[in-house]
Amino acid sequence: MPIPPNEFQQKIKDRVRAHYAANRTPLLLAHLGVEIEKSDEWPTDRGQRSLKQLITETCAPDLQIVWDRRSPAYIAVVTPEVRADVEAQIADRFVEKESVPVRLEEIVRPVLLAFCVNAQNQPVYIKRTRPFRYEVGSVPPDHATDYILVEPEYRRPGLRIDRPHLLPLSDRKDLESLIQKWAAVHGVQMEQFSRVDQDEKETSEAGRTALDRLLTAQPPDIARRIMIPADIAQILSRIR
């Protein structure tokens, strides 16, 4: 439920300071807004003010707003102590090279699903490192920096992407454009979500027998000593 204005100000300051005490990655205004919404911690005197207005009007100079002038939607909340560091990171977000076009077939499935899942108006996040997955609603608090928010304006809820190459051209181009814009706003390279490594692993696994997988799953010292009856070994060697 809404909280008193002075309590709101203190909670916001504590959240921002805790974020930068743990790391120096920019705390995006959108992410902070999602956390406030989930906790229902808006101030009782909010009125029609946005989170940006609330911070500017009630939390300065302890908290400040910075943004990327090349991409105004990329807005971060900072403390004076980290402002210069965060601004430097924002300035370096766009690598001085031609951006690689997004192709749906080259993106791992969990990431594609994050852009198309029906989330029932809940926030959607993508894990930024392997093994990739998406989360709806919330992410583990102690791993919040491992995830990236996929804002509603970059998503196509309900779009079927079982076979991206069969999508109508208009849907395909639209989704690729949305993903590319999302990547630019968050300063990530879509190459990091490539399915190449995953496909190699799947191909490798497909060629292995049940016997191979059984032995690989054992600790080395046990694998060396394990004895499997010949008839069982033959059966396992035929199962893939």
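Some points to look at:
- Any hit, region 46-61, residues being in a loop (DSSP other than H, G, I, E, B) and among the aliphatic types (A, V, I, L, M): yes
- Residue within region 79-88 that is outside the structural domain of L149 (by TED's automatic domain parsing), closer than 19 Å to I148 by Cβ and within 27 Å of the chain's Cα centre (by Cα) present: yes
Conditions tested, residue by residue: (1) modelled with pLDDT under 90; (2) acidic (D, E); (3) more than 22 Å from D92 (Cα to Cα).
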| position | (1), (2), (3) |
| --- | --- |
| V117 | no, no, yes |
| Y125 | no, no, yes |
| P141 | yes, no, yes |
| I148 | no, no, no |
| P157 | no, no, yes |
| E200 | yes, yes, yes |
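- For first residues located in region 31-44 and free of Cβ contacts under 8 Å to residues at least 24 places away in the same chain, partners that are buried (at least 16 other Cβ atoms within 10 Å of the Cβ) and lie 6+ apart or on another chain with Cβ distances below 8 Å form the pairs G33/L51; E35/R15.
- Selection count where residues are of a type in the set (F, W, Y), over 19 Å from the mean Cα position of the chain (by Cα) and at pLDDT 90 or above, scope region 17-71: 1
- Of all residues in region 127-170, those satisfying the criterion of being part of a loop (DSSP other than H, G, I, E, B), farther than 15 Å from E35 by Cα and either in contact with a strand residue (DSSP E or B) (Cβ under 8 Å, 6 or more places away or on another chain) or of a type in the set (F, W, Y) (or both) are R128, F132, R133, R155.
- Residue that is farthest from I36 (Cα to Cα), among those in region 72-81 that are at pLDDT 95 or above and in contact with a helix residue (DSSP H, G or I) (Cβ under 9 Å, 6 or more places away or on another chain): E81
- Evaluated against (1) exposed (fewer than 15 other Cβ atoms within 10 Å of the Cβ); (2) closer than 24 Å to D146 by Cβ; (3) free of Cβ contacts under 8 Å to residues at least 24 places away in the same chain; (4) not acidic (D, E), R15 falls short on exactly one condition, (1).
- Enumeration of residues in region 130-182 that are over 14 Å from the mean Cα position of the chain (by Cα), hydrophobic (A, V, I, L, M, F, W, C) and surrounded by 14 or more Cβ atoms within 10 Å (Cβ to Cβ): L159, I161, L167, L175, L178
- Listed by first and then second residue, the pairs linking a residue in region 50-76 that is free of Cβ contacts under 8 Å to residues at least 60 places away in the same chain and over 16 Å from P5 (Cα atoms) to a residue that is outside any helix (DSSP H, G or I) and small (G, A, S), with Cβ atoms under 6 Å apart and 6 or more places separating them unless they lie on different chains, are V66/A76.
The values are calculated or read from the model by the stated rules, or taken from the named source; none is laboratory data. As the structure is a prediction and not an experimental result, all values here were calculated from the model. Heads up, the Cβs are rebuilt from the backbone with ideal geometry, glycines too, and the neighbour counts pull from every protein chain shown.
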